[in-house]
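Take a look at the structure below.
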Amino acid sequence: MNRVAICPGSFDPITNGHLDIITRGSKIFDEVIVAVFNNQSKEPLFTVDERIELIEQVTNHLPNVVADSNDGLLVDYAKEKGVDVILRGLRAVSDFEYEMQITSMNRKLNPEIETFFMMTNNQYSFLSSSIVKEAAKYHSSVADLVPKEVEEALTQKYAENSFKTL
Ligand code: ADP
């Protein structure tokens, strides 16, 4: 049986924490689809296409990982792809309540879909895209937190943005 999982998220941008979950997931599943969803409650820094491109660059060495995007409901996307597993990462206890709400909702919408959680590596427990953006915005090094390609994209993005506000 071909076991495929969808790893959904905002990935604005992808961090070493996301990459850790994706890499470990790619050893368990035959294929992992990293799906960029635009979270309406968050103002994104990167466009969906830019986020996909970064995901593709940093997962290039993982042949069974693909990047995609969708702007609908996750359960509808999963059905459309014929996938019945959602892969999510869990950091601190604070993630738990949010993840439980989403999982319960998704289960209500489609009981066939199973959500699979992986605990983060301790070193990434407090790592989020928001923290990375905050640090990069004020020119702090994010070298340990994101892949090199993402660090470069952040530097470029904040240089462009500061130029725009001049
Ligand atoms: P969302 O906006 O849906 O929370 P994110 O891009 O923030 O999307 O996260 C996508 C997934 O990656 C979520 O399951 C989240 O818990 C997980 N994740 C984010 N950061 C980390 C990390 N540092 N370690 C492990 N999992 C993480």
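Values quoted throughout were computed directly from the atomic coordinates according to the rules given, and no laboratory measurement underlies them. The shown structure was predicted, so the numbers you read here are calculated from the model rather than taken from an experiment. Heads up, the Cβs are rebuilt from the backbone with ideal geometry, glycines too, and the neighbour counts pull from every protein chain shown.
Identify the chymotrypsin sites (Phe, Trp or Tyr not before Pro) of the range 78-156 meeting these criteria: DSSP loop state and at most 14 other C-beta atoms within 10 Å of the C-beta.
Hits after loop and neighbour filter: F126, Y138.
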(message) For the chain, what does the helix formula give at 222 nm: sum of -39500 (n - 2.57) over DSSP H segments with n ≥ 4, over the residue count, nearest 500 deg cm²/dmol?
(response) -14000 deg cm²/dmol
(request) Would you mind checking which residues have amide H under 5 Å from F116's amide H? H placed 1.01 Å from N; only 5 or more apart, or other chain. (result) I86, L87, R88
(message) Could you derive backbone 3J(HN,Hα) for the range 144-159 from the dihedral phi with the Karplus parameters 6.51, -1.76 and 1.60 (θ = phi - 60°), listing whole Hz in sequence and x where the residue is Gly or Pro?
(response) 7, 9, 9, x, 3, 4, 6, 4, 5, 5, 5, 4, 5, 4, 6, 5
(message) Can you give me the distance in nm between label points at K42 and L90, each placed 7 Å from the Cα along the Cα-to-Cβ direction?
(response) 2.0
(message) Taking 22 Å as R0, compute the FRET efficiency from the Cβ-Cβ separation of M105 and S128 and round it to 0.05.
(response) 0.50
